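Here the structure comes first, spelled out in structure tokens, and everything after it is commentary.
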Amino acid sequence: MWLLWIIFILFAIKIFNKLSTGRCYDDNVMSGKVVVVTGASGGIGFETALELARRGAKLTIACRNHEKGEKAVRRMVKITKNQKIRFIHLDLTSLASVRKFVEELKATEVKVDVLINNAGAICTTRERTEDGLLKDLQINYLGPFLLTVLMIPLLRKAAPSRVVVVSSSWHKFGTIKDLNSKKYGYIQSYANTKLCNIFFSKELARRLEDTGISVNTLNPGLVNTSLYRSSNVLEKLRSLLLYAFFKTPKEGAQTSVYLAVSYDCDQVTGEYFEECRRSKASYKADDKESAVKLWLISQELVKLTPEEMNKCFSEANS
Ligand SMILES: NC(=O)c1ccc[n+]([C@@H]2O[C@H](COP(=O)([O-])OP(=O)(O)OC[C@H]3O[C@@H](n4cnc5c(N)ncnc54)[C@H](OP(=O)(O)O)[C@@H]3O)[C@@H](O)[C@H]2O)c1
């Protein structure tokens, strides 16, 4: 009897979750729009890119694995019949790779309408990258920080243009104290990077005020992807709770798609979204002083010179 009850409760939770999942109902086409999505080889990024390709966008997917990237392009072309989809290599664990990616993009595109910083990882081993930075910090935050700043001139040329940053509800547990130190466990460290995503989005939105480039961030919810594969504990929890609690990747992509296409977001910047609606991030994410402090630390960690930074922003303001 108790088994029937468990099945009934799980089923009820599933129905509730399905009904409360936000969906992007805007049917805006994206033809003529140049879109870049990072980490689109699978999971939420793949589904986000697929939907934008379906709407006619000229799409670049930025992935670290050549084989997976090319395979994703082939699948997207096959499903959408959109031929304007390509892969460019981007490994966020390397600042040199980020710079190379932007050079390649600049050589082939004159503008970018939408940049979706989606790639992310949970790193259970506390490794440092070739740049001396914590691996998860660099993949989830510092790599995207450098990428976005270097892409400002391209975004400016397409204004009104959009930057979308995929964060997580885990940001609530994050801190930016001793960010690049190994003292944190991997879950705490992931949470820290997701808080950084929100500080970054808000601070970038402030710095880009009146340039026509909007910056918003989002929590996709709990989504059934390979994000949890690096951790036995999280992976077991995922298998256990999958049926009732997790969204499909397509459902998880809805808020990213909404922020990329919806006319509702035309004048919106510096905000946090969940379920295709404006939402409230944790109170700590509103701390402007921390956001400015993080910006300055990040600038140093990714070795952006003040001249280079000024150049990107002066092109945005011109
Ligand atoms: N799934 C969830 O429940 C959930 C919840 C909240 C927030 N999020 C966020 O959603 C975003 C997408 O995650 P997901 O759930 O779709 O996970 P996923 O299926 O593991 O996808 C992550 C993507 O990021 C890419 N990536 C990892 N390391 C990279 C690197 N060094 N350079 C470039 N790309 C790299 C992965 O490439 P490979 O295929 O080569 O590994 C993959 O394409 C992440 O930012 C994550 O933090 C997810």
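Quick look at the numbers
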{"item": "Antiparallel bridge percentage (DSSP; both residues within the chain; nearest 5)", "result": "15 percent"}
{"item": "Heavy-atom surface of segment 167-318, accessible at 1.4 Å and reported per residue (Å²)", "result": "49 Å²"}
{"item": "Among 13-23, 109-119, the order from most to least packed when residues are scored by Cβ within 10 Å on average", "result": "109-119, 13-23"}
{"item": "Filtered trypsin sites (Lys or Arg not before Pro), segment 130-195: DSSP coil and at most 16 other beta carbons within 10 Å", "result": "K177, K182, K183"}
{"item": "Under 24 Å from the Cα of K100 - lysines, other chains or at least 8 residues apart", "result": "K33, K58, K68, K71, K84, K111, K135, K157, K303, K311"}
{"item": "Calculated P(r) of segment 29-317 - Cα pairs past 29 Å, %", "result": "26 percent"}
{"item": "For the chain, built as a Gaussian network whose Cα springs stay under 10 Å, the top-fluctuating residue of S189, S168, S31", "result": "S31"}
{"item": "Computed over the chain: relative contact order in percent, which uses C-alpha pairs under 8 Å that are six or more apart", "result": "21 percent"}
{"item": "Percent carbon-and-sulfur accessible area, the chain, ignoring ligands, DNA and RNA, probe 1.4 Å", "result": "57 percent"}
{"item": "Segment 29-317 - charge dipole about Cα centre, Lys and Arg +1 at Cβ, Asp and Glu -1, debye rounded to 20", "result": "740 debye"}
{"item": "Potential extension, N180-D287 segment - 0.36 nm per residue separation minus Cα distance", "result": "36.5 nm"}
{"item": "Under 18 Å from K106, Cα to Cα: aspartates and glutamates that are on another chain or at least 8 residues apart", "result": "D91, E308, E315"}
{"item": "Cα gyration tensor category, rounded, prolate or oblate, for segment 66-153 with a/c compared to 1.5", "result": "oblate"}
{"item": "Selection from L19, A281, A107 lying farthest towards where the dipole of the chain points positive, charges on Cβ", "result": "L19"}
{"item": "Fraction of beta bridges assigned by DSSP in segment 1-141 that are antiparallel (%, nearest 5)", "result": "5 percent"}
{"item": "Formal net charge of residues neighbouring S181 (Cβ-Cβ distance under 12 Å; K, R +1; D, E -1)", "result": "+4"}
{"item": "Inter-probe distance in nm under a simple model that places probes 7 Å from Cα toward Cβ, at F11 and S31", "result": "4.6 nm"}
{"item": "Under 12 Å from the Cα of K182 - aspartates and glutamates, other chains or at least 8 residues apart", "result": "E127, D136"}
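The values are calculated or read from the model by the stated rules, or taken from the named source; none is laboratory data. Bear in mind that the values here come from a model prediction, so they are computed numbers and not experimental data. Counting neighbours? That spans all protein chains shown, and the Cβs are built from the backbone with ideal geometry, glycine included. In case anyone asks, the SASA skips ligands and DNA or RNA and just uses the protein heavy atoms, side chains included. Shrake-Rupley method; radii C 1.70, N 1.55, O 1.52, S 1.80 Å.
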